[in-house]
Amino acid sequence: MITRREVIETNEMIQKENLDVRTITMGISLLDCMDAELDTCCKKIRDKIYNKAKNLVKTGKDIEKEFGIPIVNKRISVTPIGLIGSSCCRTPEDFAKIAKTLDDVAKEVGVNFIGGYSALVSKGSTPSDELLMKSIPLALSITDRVCSSVNLGSTKTGINMDAVRLMGDIIKETAELTKEQDSLGCAKLVVFCNAPDDNPFMAGAFHGVTEGDCVVHVGVSGPGVVKTALEKVRGENFEVLCETVKKTAFKVTRVGQLVAKEASARLGVPFGIIDLSLAPTPAIGDSVADILCEIGLEHAGAPGTTAALALLNDQVKKGGVMASSYVGGLSGAFIPVSEDQGMINAVEAGALTLEKLEAMTCVCSVGLDMIAIPGDTKATTISGIIADELAIGMVNAKTTAVRIIPVIGKGVGETVEFGGLLGHAPIMPVNNFSCDAFVNRGGRIPAPIHSFKN
Amino acid sequence: MKKTIITVVGKDGVGIIAKVCTYLANNKINIEDISQTIVHGYFNMMMVVDMNESSKSFGEISSELAEVGEEIGVVIRLQREEIFDSMHRI
């Protein structure tokens, strides 16, 4: 029998410490929607997504009510559109039409984001992949809920530097086309190395070709719960610290597992994975940076930050893995700047720089995330930043990503407001020494050797 | 069969249990366990109930109980037992 103390503990986590299920994401394969006619393809896409996801939002709300746990986002991920549009799209505008279809059906079923406006080009790009990449600025400027991602490299293939160079331009162009909204389009565009096929989190979610027809993934969260648990073990040694994080992660993940199973049963769709991520929001008390401070740092970015983040990330996984039957996605601590009030404070205090963030991404998921930089940053510099981050992922066989926003018309010292879950961010300085000659070489960086495993 | 947990939290006053139990009785909801305490003047109650005989849906009962709570100045929550089970039991 459940005790009153346990009931109170759970409800305090929910009410005071922002425990929630961050997202239920339905992955839908669109491979059977391919067609030689663009209009037919769009219609098939709309119909399939509508049929699969029409009850998603209602089911999510029912579960929220019955268990008393908020499910913040209900989302959809689809097969990379670079594949789906390959036989009917002849121009970037054709691809943008598919983006519009995705946006319309997302609004129709009531999800807040739909991911998968994507291309997988880790080794090379097909003509349709190139068209999709070139259509991203237009697609993100005419849609509200579509998220775009491009996988530019992997440990097995190396890094496609031609595509890295192109994406530097695309990010700038997207910023330009959405400059009226502080370059918001770039907040919905992420580039990856080793992108997972089953990630439920935006902006990088897409339904990989290794997945089944339709599947439900759940992303859990709960930085506030971890922070509160750590407040009770101040001054204790690392063993106590790690055990506390692990136990808390276990509890948080069990809730995610319950919600995932329930959603899967009610929707009649197989359960895919739980993504064990500590995902912050701009809400006070829902911050990964605050956990780092609780571990013993004055600000995120102080010496010791990378070590603290490494242990946090590892303990979250150790606790979470046992709590769920299938774990996947990104699974780790997210360190977005604009979506985490503690990170914003650290940047404003001068404690946290782009370079330190890059070091932090070596030990956690996922990468340079939601970082606002001056609008006049050169495209090649953005490509250079991307190449550095992807190299970390490639060599360490982990997922890394870049979601960076050159805010047109703004410079260092100014602030940008994205609103809602995307938050606000101070514009961070960028190292402006040139990498033009490096980025413009063309070709790809070969895959690294990993001790001749084969 | 699946159980439901009701929690009632708020400032202590006369007749809180009576009000809640009357509502439950009128809706054929059986109370299987009940425990209650006062901490610093705050009323804190937990009930385990069986709602299988009730003709109303979970959502309806949840909203109506929340209204009962508002009338008497306490917060009443209705949650399925599984969320606590999954978090606290392996």
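Kindly indicate which of A:GLU108, A:GLU64 is farther than 19 Å from A:ASP197 by Cα and out of contact with any Phe, Trp or Tyr (no Cβ under 7 Å at 6 or more places or on another chain). Break it down stepwise before answering.
Working: A:GLU108 fails: out of contact with any Phe, Trp or Tyr (no Cβ under 7 Å at 6 or more places or on another chain).
Matching residue, one of A:GLU108, A:GLU64: A:GLU64.
Taking the condition part of a helix (DSSP H, G or I), at pLDDT 95 or above and not polar (S, T, N, Q), does A:ARG266 pass?
Answer is yes for this residue.
Return the residue satisfying two criteria in turn: it lies in segment A:57-67 and is within 14 Å of chain B (Cβ to nearest Cβ) and of a type in the set (Val, Ile, Thr), and of such residues it is nearest to A:VAL7 (Cα to Cα). Can you show your working first?
Applying the first criterion (within 14 Å of chain B (Cβ to nearest Cβ)) to segment A:57-67 yields A:58-67.
From the residues that got through so far, the ones that are of a type in the set (Val, Ile, Thr) too are A:59, A:63.
Numbers: A:THR59: 24, A:ILE63: 18 Å.
Here the residue is A:ILE63.
Do we find that A:GLU417 is under 21 Å from A:LYS172 (Cα atoms) and either surrounded by fewer than 24 Cβ atoms within 10 Å (Cβ to Cβ) or not assigned by TED's automatic domain parsing to the domain that holds A:ILE291 (or both) in this structure? I'd like the intermediate steps shown before the answer.
Numbers: under 21 Å from A:LYS172 (Cα atoms): yes; either surrounded by fewer than 24 Cβ atoms within 10 Å (Cβ to Cβ) or not assigned by TED's automatic domain parsing to the domain that holds A:ILE291 (or both): yes.
Criteria met by A:GLU417.
All but one of (1) at pLDDT below 95; (2) within 16 Å of A:ILE335 (Cβ to Cβ); (3) aliphatic (A, V, I, L, M) hold for A:ALA310; state the number of the condition that does not hold.
Result: A:ALA310 fails condition (1) only.
Looking only at segment A:10-56, count every residue that is within 14 Å of chain B (Cβ to nearest Cβ) and either assigned to a strand (DSSP E or B) or loosely packed, with under 15 Cβ neighbours inside 10 Å (or both) and tell me the total.
Narrowing segment A:10-56 to residues within 14 Å of chain B (Cβ to nearest Cβ): A:10-17, A:19-21.
Subsequent filtering for residues that are either assigned to a strand (DSSP E or B) or loosely packed, with under 15 Cβ neighbours inside 10 Å (or both) retains A:12, A:15-16, A:21.
Going through segment A:10-56 one residue at a time, the tally reaches 4.
For every residue, the table says whether it meets (1) at pLDDT below 95; (2) in the same structural domain as A:ALA359 (by TED's automatic domain parsing); (3) under 27 Å from A:ASP162 (Cα atoms); (4) part of a loop (DSSP other than H, G, I, E, B).
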site	(1), (2), (3), (4)
A:THR377	no, yes, yes, yes
A:THR380	no, yes, yes, no
A:ILE385	no, yes, yes, no
A:ILE392	no, yes, yes, no
A:LYS398	yes, yes, yes, yes
A:ALA401	no, yes, yes, no
A:MET428	no, yes, yes, yes
A:PHE433	no, yes, yes, yes
A:ALA437	no, yes, yes, no
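Run B:VAL20 past the list (1) surrounded by fewer than 19 Cβ atoms within 10 Å (Cβ to Cβ); (2) more than 14 Å from chain A (Cβ to nearest Cβ) and report the number of the one that doesn't hold.
Failed condition: (1).
Out of all the residues in segment A:160-180, which are touching a residue at least 12 places away in the same chain (Cβ under 8 Å) and farther than 24 Å from A:ASN396 by Cβ? Write out each step before concluding.
Taking segment A:160-180 and keeping what is touching a residue at least 12 places away in the same chain (Cβ under 8 Å), we get A:160-179.
If the condition is that a residue be touching a residue at least 12 places away in the same chain (Cβ under 8 Å) and farther than 24 Å from A:ASN396 by Cβ, then A:LEU166, A:ASP169, A:ILE170, A:LYS172, A:GLU173, A:THR174, A:ALA175, A:GLU176, A:LEU177, A:THR178, A:LYS179 are the ones that fit.
Filter segment A:144-203 down to residues that are assigned to a loop (DSSP other than H, G, I, E, B), more than 19 Å from the chain's Cα centre (by Cα) and within 23 Å of A:ALA391 (Cβ to Cβ), then give me how many there are.
Residues of segment A:144-203 that are assigned to a loop (DSSP other than H, G, I, E, B), as a first pass: A:144-145, A:155-157, A:178, A:182-183, A:194-203.
If we keep only those that are more than 19 Å from the chain's Cα centre (by Cα) as well, we get A:155-157, A:178, A:182.
If we keep only those that are within 23 Å of A:ALA391 (Cβ to Cβ) as well, we get A:155-157.
The number of residues fulfilling the criteria is 3.
Considering each of A:LEU241, A:LEU276, A:LEU267 in turn, give the residue that is away from chain B (no Cβ under 14 Å) and within 27 Å of A:LYS156 (Cα to Cα).
On the way: A:LEU241 fails: within 27 Å of A:LYS156 (Cα to Cα); A:LEU267 fails: within 27 Å of A:LYS156 (Cα to Cα).
Matching residue, one of A:LEU241, A:LEU276, A:LEU267: A:LEU276.
The values are calculated or read from the model by the stated rules, or taken from the named source; none is laboratory data. Note that the structure is predicted; figures quoted are calculated from it, not measured. No Cβ is skipped: glycine too gets one built from the backbone with ideal geometry, and neighbour counts run over all protein chains shown.
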